[in-house]
1. Would you list 75, 106 from fewest to most Cβ contacts within 10 Å?
2. Can you put 36, 105 in order of Cβ neighbours within 10 angstrom, beginning with the fewest?
3. Ranking 61, 14 by Cβ neighbours within 10 Å, fewest first, what do you get?
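Coordinate-derived values only; no laboratory data. These figures come from a predicted structure and were not determined experimentally. Methodologically, a virtual Cβ is constructed for each residue, glycine included, from the backbone with ideal geometry; neighbour enumeration extends over all protein chains shown.
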């Protein structure tokens, strides 16, 4: 049976913390190590939404279904083009979010030219 929780968060600095709280409230079924990864990734994506996403609400959806846990983050920004980080810039302070999502999740994606990013873990 699918389980789903959608939270609409105000565009504010508190949004990443509130997203983690919603994750803690959700019946995610993740082991401790994967839960820690999910907390990190949802924090990163919601932080990006706050930083780049415009003034509208941020929608965070957690779903557990068919042996997987999925998180989606959607904001009201103008969209982006995901690019690969160049090794020459490893000391740069920003731009590590999506490579982190790619490394820690089992699957991830971003809808083309949008601000709708998702990641999944197998359960």
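1. On the way: 75 28, 106 12.
With the sparsest Cβ surroundings first, the list reads 106, 75.
2. Arranged by neighbour count, lowest to highest, 36, 105 become 36, 105.
3. So the ranking, lowest neighbour count to highest, is 14, 61.
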